[in-house]
Amino acid sequence: MSEVNNEFEQLLEESLVTIHNGEIVEGTVISVKEDEIVLNIGYKADGIITRNEYINLSGIDLREVVKEGDTMNAKVLKVNDGEGQVLLTYKRLAMEKSNERIKEAFENKEVLKATVATVLSGGLSVVVDETKVFIPASLVSDTYEKDLSKYAGQEIEFVISEFNPKKRRIIGDRKQLLVAEKKKLQEELFARINVGDTVEGTVKNLTDFGAFIDLGGADGLLHISEMSWGRVENPKKVFNVGDTTKVLIKDIKDDKIALSLKFEDQNPWLNADEKYAAGSIVTGKVARMADFGAFVELEPGVDALLHVSQISKEHVDKPSDVLKVGQEIEAKVVDFNKDDHKISLSIKALLNDSQAEEEEVEVVAEEPAE
């Protein structure tokens, strides 16, 4: 009888697979505990996967992620763990597969996509399958970003720029994708725009000398002198960051784009000769002063010179002695030059006209009745 038993055991053992450390085996889950998975791997002993060898996360209940009857692959760590069981690892096998996946992506310069798992002081950490990829702050964006917290939980695209799993150095790069995308958009933009075109853009940045407008591929400069036919004191009084506006392409030189809001059909000098012909009586505001006279704004973009000798019938040393910036005055147009955009005014001529009219009225009143 003992010989029969021995033969049976021998046949049974021969029917079972043989395994070795490092071998990949497939098994069926026959039992799941909070911190342990038991697999039937077709061997004389069951395979065991502890929680630490299943996942990096601590405190997870394995019963919530694995069910009896599931099939899974695992790697043999020890054929005999000392208690007659086979110690397996699922985590390390998954990591090896993940490393292979990332290695292929690195060699093929493939664009990967993953959710930011952790925001660190020096960059971002993402997980591709079971492998951590570090994206340094300098490679997160094509512009300097002091605060990276906005990326927490955000799905981002990147490429692997360095792959060295032995040193646990796997580096991701998002910056080069953004640079490449901007270059593509820039090329497309310059291919379709021409001087004289009207385009729409978004105010990206404001300075004392102008506004930078994002045209969708490149920024254009809208200089303060091109913001209006009139005078603009500060761009921040005209625009806010984020405003959208239609602008005129004034000039393109290399990769620089000059913009303007001085649309020719809105040029106030187009019909200025009708409004400000010589002899006309006009009203305007003193815009600025010099020793030789005051410049009067008749409308935005149209200034006229009131010479110091034409301010009053009396002698005036300096315009500032009798006038103030912002003061509204009435004067007579004594000269108009459309080609040079020059208009000369005179308060004295207006006063003389008024005096002459008064004297004429007096003369008429003194004439005897017939």
Quiz item: Which one is farthest from residue 132 (Cα to Cα) among residues in the range 40-81 that are among the small types (Gly, Ala, Ser) and in a strand (DSSP E or B)?
Solution: 47
Practice problem: Write out, first by first residue and then by second, each pair whose Cβ atoms fall under 8 Å of each other, whose residues are 6+ apart or on separate chains, and whose first residue, in the range 90-110, is over 17 Å from residue 162 (Cα atoms) and among the aromatic types (Phe, Trp, Tyr) while the second is part of a helix (DSSP H, G or I) and open to solvent by less than 70 Å² (accessible area, probe 1.4 Å). | Solution: 90/53
Quiz item: For the range 191-216, how many residues meet the condition of being open to solvent by less than 20 Å² (accessible area, probe 1.4 Å) and over 22 Å from residue 301 (Cα atoms)?
Solution: 5
Self-check item: Members of the range 104-122 found to be touching a Phe, Trp or Tyr at 6+ places or on another chain (Cβ under 6 Å) and under 16 Å from residue 169 (Cβ atoms), listed by number
Solution: 106
Quiz prompt | Considering residues of the range 247-261 that are of a type in the set (Val, Ile, Thr) and over 17 Å from residue 206 (Cα atoms) only, the residue most open to solvent (accessible area, probe 1.4 Å) | solution = 252
Self-check item: Looking only at the range 140-159, and only at residues there that are under 9 Å from residue 174 (Cα atoms) and open to solvent by 40 Å² or more (accessible area, probe 1.4 Å), the one that is nearest to the chain's Cα centre (by Cα)
Solution: 142
Quiz prompt | Count of the range 230-246 residues which are closer than 30 Å to residue 304 by Cα and open to solvent by 60 Å² or more (accessible area, probe 1.4 Å) | solution = 6
Quiz item: Just one of the numbered conditions (1) closer than 20 Å to residue 113 by Cβ; (2) among the hydroxyl-bearing types (Ser, Thr, Tyr); (3) in contact with a Gly (Cβ under 8 Å, 6 or more places away or on another chain) is not true of residue 202; which one?
Solution: (1)
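The values are calculated or read from the model by the stated rules, or taken from the named source; none is laboratory data. Everything numeric here is computed off the predicted structure, so don't read it as measured data. Quick reminder, even Gly has a Cβ in these numbers, built from the backbone with ideal geometry, and neighbours come from all protein chains shown. Accessible surface areas use protein heavy atoms only, side chains included; no ligands, DNA or RNA. Shrake-Rupley method; radii C 1.70, N 1.55, O 1.52, S 1.80 Å.
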